[in-house]
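Visitor: Handing you a structure now.
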Amino acid sequence: MFLVTGASGNVGREVVAILQDKGAPVRALHRSRRDELPAGVEVVRGDLNDPDSLAGAFDDVEGVFLLPGYADMPGLVRLAERSGARIILLSGPSADSRDLSNAVTAYMVRSEDAVRAGDVPWTILRPSGFMSNTFQWVHQLSSGDVVTLPFAGVPIAWIDPADIAAVAVLALTEPGHDRATYRLTGPQSLTPPELVATLGRALHRQLDFRAETDDQVQERFAHELPPAYAAAFLDFYVDGALDDSRVLTTVAELTGQPAGTYEDWAVRHRDALLAAAGEGDRS
């Protein structure tokens, strides 16, 4: 049995799908409706911030796909220890800096440290930015062909969550990945203008990019994010604390398949993207 936390999230849903394709039994720790998960998945409920609420979720589990950043990560690791399960931790590239003054980096580092300190086999994944983050801004297309995004000059080696999941399932189900930390990226480094142009090709629309200034970003973040997280992202992408642009071949080396491009991802998700943009009736 494999336990997947965040089973309806960007990476978690892909982990569930791949495990099911392999015929592996899947248990999903889930907070919302059962119908968001495929048939055949055992659903358990609990609070990852309260390990005492999760004891049953870890019963007879041999592997756990674990999200970072919860209040008692050592307590979650102890649950895996008791069941003899390996942990595959989803982390992030900023953890390499160990800069605890950055709120995002800090929770990644503390999560990694908890896993490494436990008496469990573990693998840590540090992926670059998710291609699926497109769903956070594609709604702008409902009112026209202009897309406004921040950090216009910052390239990121965007990765398909399905490629992250492929590596996660490999580490969950096959030997040879204990105590490994994998930095995962897509095959191209794209700036926001390049991302928008690529999306336009996939959606068969001529899209125009408009840069959000750093001052505008700071003002928006002040309303949308807790101050510590707003400061963290500005540290990453305005001050340059995080270089997420480097393209690596880790996905291909581990899985035997090249990492998917952003255009491939956008074409595959075209219907969902059009629906999110308010164009679900277009062919």
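Visitor: Could you please find all residues in the range 14-23 being surrounded by 13 or more Cβ atoms within 10 Å (Cβ to Cβ) and either touching a helix residue (DSSP H, G or I) at 6+ places or on another chain (Cβ under 7 Å) or without any contact (Cβ under 8 Å) to a residue 24 or more places away in the chain (or both)? Walk me through how you get there before you give the answer.
Guide: From the range 14-23, those surrounded by 13 or more Cβ atoms within 10 Å (Cβ to Cβ) are 14-20; that's our starting set.
Across the range 14-23, the qualifying residues are Glu14, Val15, Ile18, Leu19, Gln20.
Visitor: A follow-up question, please. What about Leu141, is it assigned to a helix (DSSP H, G or I), modelled with pLDDT under 95 and either surrounded by 19 or more Cβ atoms within 10 Å (Cβ to Cβ) or touching a Gly at 6+ places or on another chain (Cβ under 8 Å) (or both)?
Guide: yes
Visitor: Tell me, please, whether a residue that is hydrophobic (A, V, I, L, M, F, W, C), closer than 19 Å to Arg126 by Cβ and in a helix (DSSP H, G or I) can be found in the range 223-233.
Guide: Initial filter on the range 223-233 (hydrophobic (A, V, I, L, M, F, W, C)): 225, 228, 230-233.
Retained after the next criterion (residues that are closer than 19 Å to Arg126 by Cβ): 232-233.
Filter again for in a helix (DSSP H, G or I), leaving 232-233.
The answer is yes; a qualifying residue exists.
Visitor: So Glu112 fits all but one of (1) touching a helix residue (DSSP H, G or I) at 6+ places or on another chain (Cβ under 7 Å); (2) assigned to a helix (DSSP H, G or I); (3) surrounded by fewer than 22 Cβ atoms within 10 Å (Cβ to Cβ); what number is the exception?
Guide: The number of the failed condition is (3).
Visitor: Could you list, in sequence order, the residues of the range 168-202 that are crowded, with 16+ Cβ neighbours inside 10 Å, of a type in the set (A, V, I, L, M, F, W, C) and closer than 10 Å to Thr123 by Cα?
Guide: The answer is Ala168, Ala171, Leu172.
Visitor: Out of the residues in the range 144-170 that are among the small types (Gly, Ala, Ser) and over 16 Å from the mean Cα position of the chain (by Cα), state the one that is modelled with the lowest pLDDT.
Guide: Here is the first cut: in the range 144-170, the ones among the small types (Gly, Ala, Ser) are 144, 152-153, 157, 162, 165-166, 168.
Remaining after also requiring over 16 Å from the mean Cα position of the chain (by Cα): 144, 152-153.
On the way: Gly144: 89, Ala152: 96, Gly153: 96.
Selected residue: Gly144.
Visitor: Do we find a residue being in a helix (DSSP H, G or I) and within 16 Å of Pro161 (Cβ to Cβ) anywhere in the range 234-241?
Guide: Of the range 234-241, the ones in a helix (DSSP H, G or I) are 234-237.
Checking the rest, the ones that are also within 16 Å of Pro161 (Cβ to Cβ) come to none.
No: zero hits.
Visitor: Conditions first: (1) in contact with a Ser or Thr (Cβ under 6 Å, 6 or more places away or on another chain); (2) at pLDDT below 90. Leu66 passes all but one, so which condition is the exception?
Guide: (2)
Visitor: May I ask you to list pairs of residues, at least six apart or on different chains, whose Cβ atoms are under 7 Å apart, with the first in the range 143-154 being free of Cβ contacts under 8 Å to residues at least 60 places away in the same chain and the second being of a type in the set (S, T, N, Q)?
Guide: Once the first residue is free of Cβ contacts under 8 Å to residues at least 60 places away in the same chain and sits in the range 143-154, its partners that are of a type in the set (S, T, N, Q) give Gly153/Thr191.
Listed here are the residues, each with its yes/no results for (1) in contact with a Ser or Thr (Cβ under 8 Å, 6 or more places away or on another chain); (2) more than 20 Å from Ala180 (Cβ to Cβ).
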position: Ser101; (1), (2): no, yes
position: Asp119; (1), (2): no, no
position: Ile124; (1), (2): yes, no
position: Phe135; (1), (2): no, yes
position: Gly144; (1), (2): no, yes
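Visitor: For the range 68-94, which residues satisfy the criterion of being among the acidic types (Asp, Glu) and either touching a strand residue (DSSP E or B) at 6+ places or on another chain (Cβ under 7 Å) or assigned to a helix (DSSP H, G or I) (or both)?
Guide: Hit for the range 68-94 is Glu81, nothing else.
Visitor: Could you grab me the full set of residues in the range 31-67 that are closer than 23 Å to Val104 by Cα and outside any strand (DSSP E or B)? Reasoning before the result, please.
Guide: Start the filter on the range 31-67 by keeping residues that are closer than 23 Å to Val104 by Cα, which leaves 31, 47-51, 64-67.
Answer for the range 31-67, where residues must be closer than 23 Å to Val104 by Cα and outside any strand (DSSP E or B): Arg31, Asp47, Leu48, Asn49, Asp50, Pro51, Leu67.
Visitor: Scanning for something over 21 Å from Ser142 (Cβ atoms), modelled with pLDDT under 95 and not in a loop (DSSP other than H, G, I, E, B), does the range 207-214 turn up at least one residue?
Guide: yes
The values are calculated or read from the model by the stated rules, or taken from the named source; none is laboratory data. Bear in mind that the values here come from a model prediction, so they are computed numbers and not experimental data. Note: ideal-geometry Cβ built from the backbone for every residue, glycine included; neighbour counts use all protein chains shown.
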